[in-house]
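The values are calculated or read from the model by the stated rules, or taken from the named source; none is laboratory data. Here the structure is a predicted model, which means the values were calculated and not measured. Positions of Cβ are backbone-derived with ideal geometry, glycine not excepted, and every protein chain shown enters the neighbour counts. Heavy atoms of the whole protein, side chains included, go into the accessibility calculation; ligands, DNA and RNA do not. Shrake-Rupley method; radii C 1.70, N 1.55, O 1.52, S 1.80 Å.
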Amino acid sequence: MKNEKIEILLDEVNEIIDSIFRTCNKNGGTKKALENKKLNKEVLRDKLKSIFLKFGQIDDADFKSTILISDETKELNEITTAFDANENLSLPELERAINYNLTSVKEAIYKFQNNNS
């Protein structure tokens, strides 16, 4: 990878994503984890904000053009913004954010790391 700082930040993002997935898996899946508040909205909001704070520290044109412009990343950012605005997010929106958007972002990070190592 070009830059050790980028590698560390992306590893931290991957760990945050993995911790969300682990919480869901330990609690019967995403829907049950959200319904039973094993993964509450505040924790999810904080984790998503942390991901975007780390993304904001990455100043790499390839990263920005592959990860930050993706529809999945934009949707996650919209969810994070909605949290900040105290909008009431539906369970299906949160499920999609976790099951689809986070998975897609994780896959894009993996590809980025392997293409730039």
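Some observations on this one:
- Relative to the current alpha-carbon distance between ASP71 and ILE8, full extension at 0.36 nm per residue lengthens the span by 20.3 nm.
- In a simple Cβ point-charge model (Lys, Arg +1; Asp, Glu -1; nothing else charged), the chain has a dipole of about 460 debye relative to its Cα centre.
- Label selected from [x] -0.64, -0.83, -0.98; [y] -0.99, -1.10, -1.17; [z] -0.56, -0.80, -0.98, the criterion being log10 I(q)/I(0) by the Debye sum over Cα atoms at q = 0.14, 0.17, 0.19 Å⁻¹ as computed here: [z]
- The residues of the chain expose on average 57 square angstrom of accessible surface per residue, using a 1.4 Å probe on protein heavy atoms.
- Gaussian network model of the chain, springs between alpha carbon atoms under 10 Å - residue of SER19, SER90, SER104 with greatest fluctuation: SER90
- Averaging the sequence gap over all C-alpha pairs within less than 8 Å and six or more residues apart, then dividing by the number of residues, gives the chain a relative contact order of 34 percent.
- Above-threshold pairs, the threshold being 19 Å between Cα atoms, out of LYS64/LYS111; LYS37/LYS74; LYS26/LYS111; LYS31/LYS111; LYS5/LYS54: LYS37/LYS74; LYS26/LYS111; LYS31/LYS111
- Neighbour-limited loop hits for GluC sites (Glu not before Pro), the range 41-91 (at most 15 other Cβ within 10 Å; DSSP other than H, G, I, E, B): GLU87
- Extension reserve of the LYS106-GLU93 stretch, reckoned as 0.36 nm per residue once the Cα distance is removed: 2.9 nm
- With the simple spin-label model, which puts each label point 7 Å out from Cα in the Cβ direction, the THR81 to ARG45 separation comes to 1.7 nm.
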